[in-house]
Amino acid sequence: MAGNSQRRNRRTSNKKGMQVGSGGQRRRGLEGKGPTPPASARKGHVKNRVANAKAKQAAHRRPAPRRGGAKGTAELVVGRNPVVEALREDIPATTLYVQQFIDSDERVREALQLAADRGMNILEAPRPELDRMTNGLNHQGLVLQIPPYEYAHPEDLAAAAFDVGEDPMIVALDGVTDPRNLGAVVRSVSAFGGHGVVVPERRAAGMTAGAWKTSAGTAARTPVARATNLTRTLESYQKAGMIVVGLAADGEVELQDLEALDGPVVIVVGSEGKGLSRLVGETCDVRVRIPMPGGAESLNAGVAAGVVLWEAARRRA
């Protein structure tokens with residue numbers, strides 16, 4: 001009997017003790033987890049990223065601007081009317097070449113006067129030399145030399161906005177090859193308080209004389225940056241807390257419902273025919289469509305960018 005008692009005691013001593021009730025665990029399990037946190041506190045939400053970007057801005061934790069972007073190529077404007085129009089629009093130019101013994105008319109006289117007023121170099125050259133310079137184009141005795149455009153670095157655009165305590169508003173162009181569209185976008189960015197334009201290095205319009213002319217002088221105060229790889233540039237903007245918004249006819253959000261425009265934002269505009277490229281479209285945080293009750297299939301880049309920039313400026317006012 002004693003042995004049986006000892007075995008029972010050993011079995012009893014191995015137990016942790018009686019489990020009476022749940023110790024309140026079930027009650028705690030039934031309790032709610034509190035109210036749903038606001039969107040700005042939910043990780044991954046657009047408003048959370050905007051709040052984080054503003055917090056970084058307030059704490060002055062911003063990347064130092066990388067000055068000195070890529071340079072374009074020199075350009076020649078040839079012909080009497082194009083040269084006079086370029087000089088009237090204050091397109092940057094270094095030298096006006098005038099053919100020796102040229103038959104002067106009002107356009108030649110105006111070109112000479114405008115160039116002289118700007119303190120520009122005026123050089124006289126024989127016709128064969130001008131033919132060589134222009135590869136045989138019909139220059140009509142007037143050739144204007146445009147220096148290479150100095151592009152900004154893409155990081156400069158956001159850094160400049162943060163430095164003055166503003167949320168960056170940048171337009172990136174994907175596959176836009178018409179310089180006039182680029183000039184129109186530059187003009188809209190300037191008009192609605194944007195901070196610059198980003199274009200790819202290859203297969204895209206650059207800051208030519210045509211782009212300068214269409215910008216109506218605003219290119220002198222609105223920086224244009226060149227990106228070696230547009231997708232990687234957009235990803236770097238995202239890491240800095242900016243929301244990348246792509247314009248697409250089949251976008252999942254209508255413009256008036258887009259919440260990101262009042263914060264740090266990059267607006268990506270594709271070409272009129274092809275729209276956004278696949279990789280760029282996949283990189284965007286959200287794709288937005290512009291309602292068009294008239295039934296038009298698409299807008300050109302300059303008009304589309306202007307519509308979105310106006311809406312963003314209205315919300316930021």
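The values are calculated or read from the model by the stated rules, or taken from the named source; none is laboratory data. As the structure is a prediction and not an experimental result, all values here were calculated from the model. Note that we place each Cβ from the backbone using ideal geometry, even for glycine, and neighbour counts take in every protein chain shown. Just so you know, the surface numbers come from the protein's heavy atoms only, side chains and all, with ligands and any DNA or RNA stripped out. Shrake-Rupley method; radii C 1.70, N 1.55, O 1.52, S 1.80 Å.
Can you find a residue in region 244-257 that is farther than 30 Å from L76 by Cα, open to solvent by less than 50 Å² (accessible area, probe 1.4 Å), among the polar types (S, T, N, Q) and in contact (Cβ under 8 Å) with a residue 40 or more places away in the chain? The answer is no, given that none of the residues of region 244-257 is farther than 30 Å from L76 by Cα, open to solvent by less than 50 Å² (accessible area, probe 1.4 Å), among the polar types (S, T, N, Q) and in contact (Cβ under 8 Å) with a residue 40 or more places away in the chain.
Applying the set (1) small (G, A, S); (2) crowded, with 17+ Cβ neighbours inside 10 Å; (3) closer than 23 Å to V189 by Cα to G165 leaves exactly one unmet item: (2). Across region 223-236, the number of residues qualifying as open to solvent by 20 Å² or more (accessible area, probe 1.4 Å) and within 17 Å of N181 (Cβ to Cβ) comes to 1. From the set of residues in region 198-222 that are among the polar types (S, T, N, Q) and part of a loop (DSSP other than H, G, I, E, B), which is surrounded by the most Cβ atoms within 10 Å (Cβ to Cβ)? Here the answer is S215.
Among the residues making up region 90-124, those that are open to solvent by 80 Å² or more (accessible area, probe 1.4 Å) and under 34 Å from the mean Cα position of the chain (by Cα) are D90, R118. Looking at F192, is it open to solvent by 30 Å² or more (accessible area, probe 1.4 Å) and within 22 Å of A317 (Cα to Cα)? When the stated conditions are applied, F192 passes them.
Selection of region 176-186 for residues being touching a Gly at 6+ places or on another chain (Cβ under 8 Å) and surrounded by 21 or more Cβ atoms within 10 Å (Cβ to Cβ) yields V176, N181, L182, G183, A184, V185.
From the list G141, G136, the lone residue that is under 20 Å from T94 (Cβ atoms) and open to solvent by less than 70 Å² (accessible area, probe 1.4 Å) is G141. Starting from residues that are among the charged types (D, E, K, R) and assigned to a loop (DSSP other than H, G, I, E, B), keep the ones in region 258-311 and report whichever is least open to solvent (accessible area, probe 1.4 Å). Among them, the one singled out is D285. Here R49 fulfils each of the conditions (1) open to solvent by 70 Å² or more (accessible area, probe 1.4 Å); (2) among the basic types (K, R); (3) at pLDDT below 95 apart from (1). Identify, from the list L173, L234, the residue that is within 11 Å of the chain's Cα centre (by Cα), at pLDDT 90 or above and assigned to a strand (DSSP E or B). The match here is L173.
As a summary of the residue check, T134 satisfies the conditions (1) modelled with pLDDT of 95 or more; (2) closer than 24 Å to T208 by Cα except for the one numbered (1).
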